[in-house]
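Note sheet for the following structure.
The values are calculated or read from the model by the stated rules, or taken from the named source; none is laboratory data. Please read these numbers as outputs of a predicted model, since none were measured by experiment. Cβ coordinates were reconstructed from backbone atoms using ideal geometry, including for glycine residues, and neighbour counts include every protein chain displayed. Note: accessible area is taken over every heavy atom of the protein model, side chains too, but ligands, DNA and RNA are not part of it. Shrake-Rupley method; radii C 1.70, N 1.55, O 1.52, S 1.80 Å.
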Amino acid sequence: MLRISVLRLLGRTGAGRVSLLESSGPRHYGSGSQCAYDDARDTRTYFTTPIFYVNAAPHIGHLYSALLADALCRHRRLRVPGTTATRFSTGTDEHGLKIQQAAATAGVAPIELCDRVSAQFQQLFQEAGISSTDFIRTTEARHRVAVQHFWRVLKSRGLLYKGLYEGWYCASDECFLPEAKVTRQPGPSGDSCPVSLESGHPVSWTKEENYIFRLSQFREPLQRWLRSNPQAITPEPFYHTVLQWLEEELPDLSVSRRSSHLHWGIPVPGDDSQTIYVWLDALVNYLTIIGYPNVEFKSWWPTVSHIIGKDILKFHAIYWPALLLGAGLSPPHRIYVHSHWTVCGQKMSKSLGNVVDPRTCLDRYTVDGFRYFLLRQGVPSWDCDYYDEKVVKLLDSELADALGGLLNRCTAKRINPSGTYPAFCTTCFPSEPGLVGPSVRAQAEDYALVSAMATLPKQVADYYDNFQIYKALEAVSSCVRQTNGFVQRHAPWKLNWESPADARWLGTVLHVALECLRVFATLLQPVTPNLADKLLSRLGVSATERGLGELYFLPRFYGHPCPFEGRRLGPETGLLFPRLDQSRAWLVKAHRT
Ligand code: MSP
């Protein structure tokens, strides 16, 4: 029997700033403005969220993980239409000591707790518009089959052996800790208790015979995989963190627990005295979803994008690829990592009583409002702070005032009495900047707007590829501001439809602004699907005209026909997004108390 020293925990992630991808500029400027995305059309893509622990109700951090995956997946679907091109999984992680203990504390059977909390996640995701195609629970029979098969493959390849494990174990984090990562803290009765240095969660000393995975054999293969795939882990600082971890010793990993200690899990095939380690169990969910061990799973693997929080990077970027390589499979295509939400400057925790309930937020700010807030303000490279006033301020200024205001300005009866997409006049706005003439009305800033708008879809696509959805939204928001500036500059309310010279220019101003709105709404679909639908319907854009592949901005400017010109706008359906500061009296109350 081999004796294993305490497994060394790989250091915690450092988060830094990510550099921006250069936008490739207006590729089609002058000859049309369609974006080139063709490189994205060739493969099937499978997006995953982490599967969520069911020891407690969902909070906004969980919703954020799911929203990032949802937005990436929705953007992809708009780029590559067709229901068979993308798959998107989420689910609940229901085994392990953490759940076993939570059920015992609650005085219920583990499966009862799992059923209850898993249903809460499913309901939240449905309400929040998470467009997943698959939901997995690790207590399902299909998952047990997949995990036990995966185990047998590792065993048959000589990668599992029995050994004595001795060291600290943190049940809350479900991980092993070396002595250097453990500290002492006064417990409830004043005595000193060992806790994890990073999470502050209690740890306990474990000494038992387990199955051990030969993780140490995979240090060099993992290094080679990462070096030849510099985009495998995004944002870049996390990629370097993992490479740094791999510079250190990579000890073998204990992958089972004594069943007498951990009964809530999947038994080791052929040895009921041991239960499979919950992280091995959980990670295999990504294969179960796509039908593993049936051969059909190969049509989705390894073109997978895992979206994960920074706290579970080591499990996804080291353990998982090593296990996959061990089982003769390829590591995941991409791992997108995000940081955490704090609340009023503090870590969210049940004990601090500051956990923000996402369902309350969806009620208060609307589904689209809250989705927009989390994705616009959440920056994957660093932690972000949540407080109510921040949500109200952002949504009022960007969705209600800027975007809603722009729509009003182009559709108000007084300015657009015919309720149509007016014609664009190439004499008032010639495609050549700098031309002078009695009927030329466009100014230098107007050409800057057209240029910014023409590059926006490609810029947004690049940001999505680089996992910078917040940057994509910032770019859209900046163009909304620029468009409002355009309308303000030309003050259509001062122009007169009765005067032929004014009318051509007035129509052109409205046409350009409506074209901008159409592009904004198309690009906002992955983040605010309902609001975008409302806006596109108001503009009279049909369901088949909403994809990214066909997103031509202002074709008339480039000498092409515009399918929208002269079309009736859709029916008026009220405010695009209501201002919250007027409608949310609860905030005022909250301030007073
Ligand atoms: N069950 C494991 C994952 C297994 S995946 C094979 C787990 N579950 S979790 O419920 O604790 O976390 C799920 C996700 O929520 C993780 O990506 C985690 O980073 C994320 N978040 C948990 N707290 C968070 C914040 N405060 N802010 C943002 N995301 C957070 O880990």
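Taken over region 492-536, the residue count meeting the criterion of being open to solvent by 50 Å² or more (accessible area, probe 1.4 Å) and under 27 Å from the mean Cα position of the chain (by Cα) is 3.
Does Gln217 meet the test of being more than 26 Å from Ser305 (Cβ to Cβ), open to solvent by 80 Å² or more (accessible area, probe 1.4 Å) and in a helix (DSSP H, G or I)?
Numbers: more than 26 Å from Ser305 (Cβ to Cβ): yes; open to solvent by 80 Å² or more (accessible area, probe 1.4 Å): yes; in a helix (DSSP H, G or I): yes.
Answer is yes for this residue.
Going by the structure shown, is Ile276 of a type in the set (Val, Ile, Thr), out of contact with any Gly (no Cβ under 7 Å at 6 or more places or on another chain) and either within 12 Å of the ligand (Cβ to nearest atom) or at pLDDT 95 or above (or both)? First the steps, then the outcome.
Details: of a type in the set (Val, Ile, Thr): yes; out of contact with any Gly (no Cβ under 7 Å at 6 or more places or on another chain): no; either within 12 Å of the ligand (Cβ to nearest atom) or at pLDDT 95 or above (or both): yes.
Considered against the rule, which asks whether it is of a type in the set (Val, Ile, Thr), out of contact with any Gly (no Cβ under 7 Å at 6 or more places or on another chain) and either within 12 Å of the ligand (Cβ to nearest atom) or at pLDDT 95 or above (or both), Ile276 comes out as no.
If the condition is being of a type in the set (Val, Ile, Thr) and surrounded by 19 or more Cβ atoms within 10 Å (Cβ to Cβ), then region 185-214 contributes Val195, Val203, Ile212. When each of Thr342, Thr420 is tested for being within 30 Å of Arg504 (Cβ to Cβ) and of a type in the set (S, T, N, Q), the lone residue that passes is Thr420. I'd like to check something: does region 100-107 contain any residue that is of a type outside the set (A, V, I, L, M), part of a loop (DSSP other than H, G, I, E, B) and surrounded by fewer than 24 Cβ atoms within 10 Å (Cβ to Cβ)? For region 100-107, residues of a type outside the set (A, V, I, L, M), part of a loop (DSSP other than H, G, I, E, B) and surrounded by fewer than 24 Cβ atoms within 10 Å (Cβ to Cβ): present. Counting only residues that are open to solvent by 10 Å² or more (accessible area, probe 1.4 Å), in contact with a Phe, Trp or Tyr (Cβ under 9 Å, 6 or more places away or on another chain) and not hydroxyl-bearing (Ser, Thr, Tyr), region 455-475 holds 4 of them.
Just give me the residues in region 75-86 being open to solvent by 50 Å² or more (accessible area, probe 1.4 Å) and either within 16 Å of the ligand (Cβ to nearest atom) or of a type outside the set (S, T, N, Q) (or both), in sequence order. Before the answer, list the steps.
Residues of region 75-86 that are open to solvent by 50 Å² or more (accessible area, probe 1.4 Å), as a first pass: 77, 81, 83-84.
Selection gives Arg77, Pro81.
Within region 224-239, track down each residue that is assigned to a helix (DSSP H, G or I) and surrounded by 15 or more Cβ atoms within 10 Å (Cβ to Cβ). Hits for region 224-239 are Trp225, Leu226, Glu236, Pro237, Phe238, Tyr239. Per the listing Leu154, Leu97, the residue uniquely open to solvent by less than 50 Å² (accessible area, probe 1.4 Å), touching a strand residue (DSSP E or B) at 6+ places or on another chain (Cβ under 7 Å) and of a type outside the set (Phe, Trp, Tyr) is Leu154. For a quick check of your reading of the model, give me the residue pairs whose first member lies in region 310-327 and is near the ligand (Cβ under 10 Å from one of its atoms), whose second is of a type in the set (S, T, N, Q) and open to solvent by 10 Å² or more (accessible area, probe 1.4 Å), with beta-carbon atoms closer than 6 Å and at least 6 apart or on different chains. Between residues of region 310-327 that are near the ligand (Cβ under 10 Å from one of its atoms) and residues that are of a type in the set (S, T, N, Q) and open to solvent by 10 Å² or more (accessible area, probe 1.4 Å), the close pairs are Lys310/Thr13; Leu313/Thr13.
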